[in-house]
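Everything on this sheet refers to the single structure shown next.
No lab work stands behind these numbers, since they all come straight from the coordinates. These figures come from a predicted structure and were not determined experimentally. Every residue, glycine as well, gets a Cβ built from its backbone with ideal geometry; the counts of neighbours run over all protein chains shown.
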Amino acid sequence: MIEAAESSLAYDRGRKLRVYANCGVPEYWVVNIRERCVEVYRDPQPNSYARCDRYVPGESIRLASFTDVVLAVSDFLR
C-alpha cells in the first residue's frame, strides 16, 4: 500500500497505519511530501508496525515481497 501525503500526513501515519497493520498489510509506504522522504512500515503488529525506515532522494528501496524490485526515492520525490 502506498499513500502520498502532505495535508493528510497525520491521518496516514495514524488511523490509516493502524487499519493497515490490523489487516496484516505487510508493507505500507507513506510518501511524505513535506519532509521529502518515503517512510516504509513493515512487520505489522496489532495497531502498528514493528519497523519504520525512512528513505530520502538518492537512496533506493527494495520491496519486501518482490526482492528483485528496487525503486529510487528520486522517482517519487524530485
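Tabulated values for the structure
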| quantity | calculated |
| --- | --- |
| Subset of segment 2-15 (residues that are within 17 Å of Pro46 (Cα to Cα) and either in contact with a Phe, Trp or Tyr (Cβ under 7 Å, 6 or more places away or on another chain) or not in a helix (DSSP H, G or I) (or both)) | none |
| Every residue from segment 17-72 that is hydrophobic (A, V, I, L, M, F, W, C) and in contact with a Leu (Cβ under 9 Å, 6 or more places away or on another chain) | Val30, Val31, Ile33, Cys37, Val38, Val56, Ile61, Leu63, Val69, Val70, Leu71 |
| Conditions (1) in contact with a Lys or Arg (Cβ under 8 Å, 6 or more places away or on another chain); (2) under 14 Å from Tyr20 (Cα atoms): number failed by Pro44 | (1) |
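Quick grid of which residues meet (1) at positive phi; (2) among the hydrophobic types (A, V, I, L, M, F, W, C); (3) more than 14 Å from the chain's Cα centre (by Cα); (4) surrounded by 15 or more Cβ atoms within 10 Å (Cβ to Cβ):
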position: Glu6; (1), (2), (3), (4): no, no, no, no
position: Arg54; (1), (2), (3), (4): no, no, no, no
position: Leu63; (1), (2), (3), (4): no, yes, no, no
position: Val73; (1), (2), (3), (4): no, yes, no, yes
